[in-house]
Structure formats: structure tokens, C-alpha cells
1. Among strands (runs of 3 or more DSSP E) lying entirely in region 315-430, which contain 3 or more residues that are modelled with pLDDT of 85 or more and either among the acidic types (Asp, Glu) or touching a Pro at 6+ places or on another chain (Cβ under 8 Å) (or both)?
2. Counting just the residues of region 178-227 that are more than 22 Å from Arg666 (Cβ to Cβ) and among the charged types (D, E, K, R), which one comes out modelled with the lowest pLDDT?
3. Go through region 244-277 and give me each residue that's among the small types (Gly, Ala, Ser) and buried (at least 16 other Cβ atoms within 10 Å of the Cβ).
4. Taking the options Arg241, Arg209, Arg225, Arg190, name whichever one is surrounded by fewer than 15 Cβ atoms within 10 Å (Cβ to Cβ), in a helix (DSSP H, G or I) and basic (Lys, Arg).
5. Against the conditions (1) open to solvent by less than 10 Å² (accessible area, probe 1.4 Å); (2) in contact with a Leu (Cβ under 7 Å, 6 or more places away or on another chain), where does Glu557 fall short? Just the number, please.
6. If you check every pair at least six apart or on different chains, which have Cβ atoms under 6 Å apart with a residue in region 14-31 that is in contact (Cβ under 8 Å) with a residue 60 or more places away in the chain first and a residue that is among the small types (Gly, Ala, Ser) and surrounded by 15 or more Cβ atoms within 10 Å (Cβ to Cβ) second?
7. Take the residues in region 323-371 that are open to solvent by 30 Å² or more (accessible area, probe 1.4 Å) and under 12 Å from Leu298 (Cβ atoms); name whichever of them is nearest to the chain's Cα centre (by Cα).
8. Pairs needed: first member in region 455-472, touching a residue at least 12 places away in the same chain (Cβ under 8 Å); second member anywhere, buried (at least 20 other Cβ atoms within 10 Å of the Cβ) and polar (S, T, N, Q); C-beta distance under 9 Å; at least 6 residues apart or different chains.
Amino acid sequence: MDSNTGIMEIKGIGEKTAKLFRKLGIQTVGDLLHDYPRDYEDFKEPSAISECRAGELCSVRACLVGNISAKKVRSLTILNFIIRDAGGEISMTYFNMPYVKNILKKGLFYIFRGVVQAKNGRLVMEQAKIYKPEEYFRLTGILQPRYPLTAGLTNHMVAKAMKQALSFYDFPQDYLPEWVKRDMELEDYRQAVEEIHFPPDYESMLRARKRLAFDEFFLFILMLRKCKERNEVLENSYPMRDTGETERLTEALPYALTGAQKKVWGEIKADLQGGKAMNRLVQGDVGSGKTILAFLALLLCVSNGYQGAMMAPTEVLAAQHYESMTKLQKDYGLPIRPVLLTGSMTAKEKRQVYEAVQCGTVNVVIGTHALIQERVEYKNLALVVTDEQHRFGVAQRQRLAGKGENVHVMVMSATPIPRTLAIILYGDLDISVVDELPADRLPVKNCVVGTDYREKAYRFLAREAAAGRQVYVICPMVEEGELEGVENVTSYTEKLRSVLPQELRVGCLHGKMPAQDKNRIMEEYAAHKMDVLVSTTVIEVGINVPNATVMMIENAERFGLAQLHQLRGRVGRGEYQSYCIFINGSDKPQAFDRLDILNRSNDGFFIAGEDLKMRGPGDLFGIRQSGLMDFKIGDVYQDAGLLKKAEQCVEKLLAKDEGLALEEHRTLREYVEKALGEGDFRTI
């Protein structure tokens, strides 16, 4: 087997199972081997109840005392009972799990595994897993991989397929030069892949993860250097002169540009009018006004007789950009003729757009990744703008830029990456920062609270919704059991429907839904057809709802601060005072201190810097900054030190052998040439 072998070549995977794997983006053995565990279960010896602390995942050996009470609240069945050992007791709660009554017998000991919470001075566990002692002790001392799943695909099925793939896979020669492995104390690639999936112990897993994360960073930076070399010699094929249209628009707008916006607009304009093709990143916090800068750049482009394109990460956001630009065009009589192009359009609709783009009757195309499909041919594309660039990665950006000859490229990002890391990660781009918010923007009010605050929070959500506002509730996981002891969207939606007033409309959104369902739900929420949206971090980008005023984030301690700040950016976008409630599921002082930074600052770049300082080696398996730079295992915040070392190794490599011509770099050169040729900037 090699990386291109189809998944159905693995014994036990038929068409039905292969279809489930395809839902996760796994079609080949190579895809499977790079489907790294999301986390690991470590079954330690059970603790005494007296040793349990709130916020910690605990296993306790205890027996049922008293009776199991059951009550029904609308569609929710709630079981409550007490378990006890020699040193204490815990109140147990189960939602929609009536069969638990048949599992437990009074006086017998079981092992209960879940996250302990403190409520009204008592220890509480919700939805804890139940094991017979002999069943539990078979698992102790083993690190069990936990994989991302989809309905119908179990963790056991993935692990079984992974073991087979590792047994028969013909690993290629390690492409990392020996001197890099020696300098960085990295193990061989084959060993790393085997041990990331089935580590004999925690230290082996950490070594494997270090090697694989380093590979991602090293190869990514090396390819960026190659792109930069190419971009630095690109002449400006579309020099633009000032037509007066952009100045007319800025003077007519009902608000004045901030000083930061004016400065960045000056840099963009200088690029478009200069001797080299623009290749610029515009970084700015949520609400800092990056979109109007993109519209100004596109206006300058079309007023010079060229076409422009703007790519957004979701269909909803693309549609919102299209509506905003259409409104500007109508309100101010601009020479912009925009069109929307998305994957969900019918074949006939797409064909009409293709014809209009090709003959030039439209001069701005706004859409999703549909913009880079082969069938889209532009008449004279001069400027490409990508929104939330880290969602696309370098390869897609290059493909879109390749739709024209030496086109200008402008990328926007609200992801608050500290400048030291941004210079590495966006090494092929010039960087502009919009570091000022409009003066009339109301700052979001924040609070960090424990789990015992939930009922009060629910009352607050209900009051805001009753006043006509809308609410987001964020849970880390999609379904129960994905991560021990964290809230999941599926169960939480049912819980909220039972505790909130019946007239409130509660919706559910997560990344495993089909694209059309996600788009429909976001559109319905934006149109205020629902009051409360329970979601995973899929709403981190891609929806603008000025009427949403409350963001409540469960298990906030599991997220990076920068990601929490981005989630908070979904509220505070309209005229009403907005609020963010961070529910801290841990009673560790360091967890509160970390979250308290969000209480004290709404500055994303300050928060990102603090995030770097406060990550510790034990934070490996929190909720990842989803999709950031398309890295599968590396995390630019968690692994900032490794990222910087990877950059140093790339600099040393290119200083020693710029063309990778030496024999010791042959395998790496072949790898890079293959990846550049295929436009794939990730590890093969």
C-alpha cells in the first residue's frame, strides 16, 4: 500500500463504510494515516470521591445509594441519584438515558467516569460513563486514541482500519534531512506516524506529535519561501491610476474612516499603483473595518477597467458581502457590477455567471471556493481579495491568483496572530494591521463564571431573547461522548429547549452537517427565524448578525484565548449592548486567571500575545483553533516555539543549499517539487 491506495483496499472496509470515511475527507490510505487522533483516553486508577476536584475528569469506584428519581421536562427525561464510597458522595444526573435505571443495582460497586462539577456546595457528575470494575481495569495504563467521527462510524472501526493500514503501508524514505532531525532531536517519520496513533506511553505520544507538527511547519515555511521568491519578481501587469471614485465614496459614507483604515488604505493604493504586483495581508480585529478597505480596492480596480474577485469561507458570508456591495453600488452610483457565485447554485445559474464573467458584463465576482473552479474564466482579472485567508491556505489562494496574469492579491484576516508569528506564517505577504476600532462601537461586556451560574445565565438569555435580541451558545463538541466531560451541541440543544420559555426558537448547528443544511440554518438565524443558536465553533467566521447580543461559551477553559476572542466577535456588531458569558468548568486558579484576560481586554492582538505566554505543556488536547492555516496537528499558539525553530531550520537549509541541489536534500527536493506542482502545501 502507498499513500494513493484507496481506502477499500483495507480489509473490512466495503462501499458502505468507505462512504462514511469519505464524509470525513478520507479516501486513501494516506488520508487515513494523517487522520490523527483528536485526543486520547487515559484510564487511570480510580480516585476516592474525597480526592475529586471540580473541573477535573475523574474515575470513582462507588455504589448507588437510595433510589433513582426520574422526571420528564417536555421532551427531556432526567435521572438523578447519589453514589457513595467510604469518603464521600456525588450527585449523578443523566439526560435522555432512561436505560441507566436498568444498569445499576443497589449495593454493587461500579466505576463512574466523568467531569466533576461543584453545585450549591455539592459534587455533581452529568452523563458520566459507567463501567463494571473488571471492564474498567482492562483499560488502565493504556493510551487509547480518540478519532473524529461521523454518524455510523465508531472509534473502534477507525482504530481497526488504522492498525491494518500501518501494517501494510510502504513508508517512503524520510524526506527530512538527517542534520535537521539531529539538531531538533526528532524521531523518524515512520515511528512518529505509528506512535501518534498507538503510543505505548505519554512521552512517546509527545515525541511523535513534535515530529509531525515540526514537519507541517517546516514544509509550510519552505514552500512559502519558494512562493515569495516567485512573487518578488512579479511586475505590476495592472497598474492603476486614481480615478476619484474611491475618494468620492469615502467622502459620501455616513462615517469617517479611522486613522488606521486611512493608513492601510494608503498602503493598498500604493501597491496597486506601484511597480510590483500587490501581495498584502490586512490583519484587523473583528469590527475594525477591513471589508470597506476591500471594497475600496475593488472599486479602484473596476474604475480602471479591470475585474476583481472576492472569496469568502462560507456561502452565507459571501452572500452578505454581495448584498453589502450591491447596496453601496445603488446608494452611491458606483461603477461596480457585482455577481454572486457559490457551489449551491444550479448548473443553469452557474453557467449564466460564467458567461457574464468571461465576456466582462460583470466586473466583481463574489463567492466561495467556486471562484477557483476550472470552468470560471475571467476576461481581465486584476485583483483577488480573500476573506479569512487562513481558511483557504496558500494553495487555494495561488489557484485563484492563477486565474489572471500576475494579479494583485489582498488577503484579510480577523484571526489575532501576534506579529512575530504572522511574519513567519504569512512569509510571502506584506503585512498591514488595522489596529483601531470605530469610535461609536460599544465594547462587549464580559463575565467569567462557574457552572453554578448556568441557571442565572439561562434567565438572562431568555430576557434578551424576549426583548427581541438573539443569542449564541457555543459547545465544544457535536455529540455526546466525543470528549469526556464537555458539553455537546446535540444534548445541549434539547436541554435548552426544556429549560427556556417554550415560545423561544432554539436551533442547532455544527460542522458535521451537510453544507446546504449549515447554510440554511445560518440564513434562518440571520433572518431572525430563531432566537437561540446552539453551535460549535463553526460560527467562528461566516455569519454577521447585528441583532445577536449574547454569546455564552460552555467549557471556555478548553479553548485558546484567541479563539474565544474570535467567537466573542460574533456579538457586538449592532447598535445594542452585547454580552459574553464564559462558563469555566474548572476550579483550578490558573484556568480562571487565564480566562480573566478576556474580562480585562477586548484587544485581540493583546489577547493572542497573552495566549502564547499562558499555554502550558498540558494543554495539548483542548479545542483546537479550528482550521488555522490548515495544519492537521500543529497549533500556532500551542507550538509557537516549535514554529520559530522550524523557521530557523528553513533559513539554515536555504543558506546552505538554496536550490536543494545537494544529494542529502534530494528526497526533500523531490517532495517540494511534487507538492508545488500539485498545489498541495500540506504534508503528503
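The values are calculated or read from the model by the stated rules, or taken from the named source; none is laboratory data. What you see is a predicted model, and the numbers here were worked out from it, not measured in a lab. All Cβ positions, even for glycine, are placed from backbone atoms using ideal geometry, and neighbour counts span all protein chains on display. Remember, those area values only see protein heavy atoms, side chains included, never the ligands or the DNA or RNA. Shrake-Rupley method; radii C 1.70, N 1.55, O 1.52, S 1.80 Å.
1. Values: elements: 338-341, 364-367, 381-387, 408-413.
In region 315-430, 364-367 are the strands (runs of 3 or more DSSP E) which contain 3 or more residues that are modelled with pLDDT of 85 or more and either among the acidic types (Asp, Glu) or touching a Pro at 6+ places or on another chain (Cβ under 8 Å) (or both).
2. Among residues in region 178-227 that are more than 22 Å from Arg666 (Cβ to Cβ) and among the charged types (D, E, K, R), the one modelled with the lowest pLDDT is Asp201.
3. Of everything in region 244-277, those that are among the small types (Gly, Ala, Ser) and buried (at least 16 other Cβ atoms within 10 Å of the Cβ) turn out to be Ala260, Ala277.
4. Arg190
5. Every condition holds for Glu557 apart from (1).
6. Val29/Ala165; Gly30/Ser3
7. Per the criteria, the residue is Ser324.
8. Taking only residues 6 or more apart or on different chains, the pairs are Glu464/Gln470; Glu464/Thr549; Arg469/Thr549; Arg469/Ser578; Gln470/Thr549; Val471/Thr549; Tyr472/Ser535.
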